[in-house]
1. If F92 passes every condition in (1) surrounded by fewer than 19 Cβ atoms within 10 Å (Cβ to Cβ); (2) free of Cβ contacts under 8 Å to residues at least 60 places away in the same chain but one, which one does it miss?
2. When region 96-111 is examined, which residues are found to be more than 14 Å from L78 (Cβ to Cβ) and of a type in the set (G, A, S)?
3. List pairs: first residue in region 22-46 and charged (D, E, K, R), second residue loosely packed, with under 10 Cβ neighbours inside 10 Å and in a loop (DSSP other than H, G, I, E, B) anywhere in the structure, Cβ distance under 9 angstrom, at least six positions apart or on different chains.
4. Filter region 127-143 down to the residues that are of a type in the set (A, V, I, L, M, F, W, C) and surrounded by 24 or more Cβ atoms within 10 Å (Cβ to Cβ), then identify the one that is nearest to H86 (Cα to Cα).
5. For region 144-174, how many residues meet the condition of being of a type in the set (S, T, Y) and loosely packed, with under 13 Cβ neighbours inside 10 Å?
6. Which condition breaks for K64 when tested against (1) under 15 Å from the mean Cα position of the chain (by Cα); (2) at pLDDT 90 or above; (3) among the charged types (D, E, K, R)?
Amino acid sequence: MAAPFGDRGESEIVDKLVSINRVAKVVKGGRRFGFAALVVAGDQKGRVGYGHGKAREVPEAIRKATEQAKRNMIRVPLREGRTLHHDVEGRFGAGRVVLRAAPPGTGIIAGGPMRAVFETLGVQDVVTKSIGTANPYNMIKATFDALGRVMSPRFAAAKRGKRVGDIVGRRDQATKEARE
């Protein structure tokens, strides 16, 4: 059966507003207000992006940020479609974030801006910690730095010239040793 008209095989993209900032420019007659919006967009299947938009009106700033987020999407490999393959750390400016893979049923344990990233990414189980700054822009950029470093076992095996079983087997072995 053919896909319905207008559906080009692209999955539904979800966007979340992370922050809105009102800025004022002082001019001769008083103040002119503008708005800056930070938006995260993703397909909840391993693709996510963020965007920043500025305009004189809030809806226009959000629209610009959403368009930029959809243009700047990255693909993140997920284990079993629910968590990260391994623990990873990301940095940007004064912000540092630690992302840890979690067992099923853990949920998204993340603060503010990072939670929006993982909800739009489609991750269901992850534990995170933000260290340093609470600035949403720096937290988002540090999170994307960390997500850019996530490697799937297949990619890591190809890069190192090994078999996937060697790499994944070590992870299972390390888990057994940790339990004992």
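The values are calculated or read from the model by the stated rules, or taken from the named source; none is laboratory data. Quick caveat: nothing in here was measured; it's all calculated off a predicted structure. Heads up, the Cβs are rebuilt from the backbone with ideal geometry, glycines too, and the neighbour counts pull from every protein chain shown.
1. (1)
2. G105, G107, A110, G111
3. Short answer, once both residue conditions are applied: D43/E10; D43/E12.
4. Only one residue fits best here, namely A142.
5. Here the count works out to 0.
6. Condition (1) is where K64 drops out.
Listed here are the residues, each with its yes/no results for (1) among the polar types (S, T, N, Q); (2) modelled with pLDDT of 95 or more; (3) not assigned by TED's automatic domain parsing to the domain that holds A101.
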residue: V27; (1), (2), (3): no, no, yes
residue: R32; (1), (2), (3): no, no, yes
residue: G46; (1), (2), (3): no, no, yes
residue: H52; (1), (2), (3): no, yes, yes
residue: E60; (1), (2), (3): no, yes, yes
residue: R82; (1), (2), (3): no, no, no
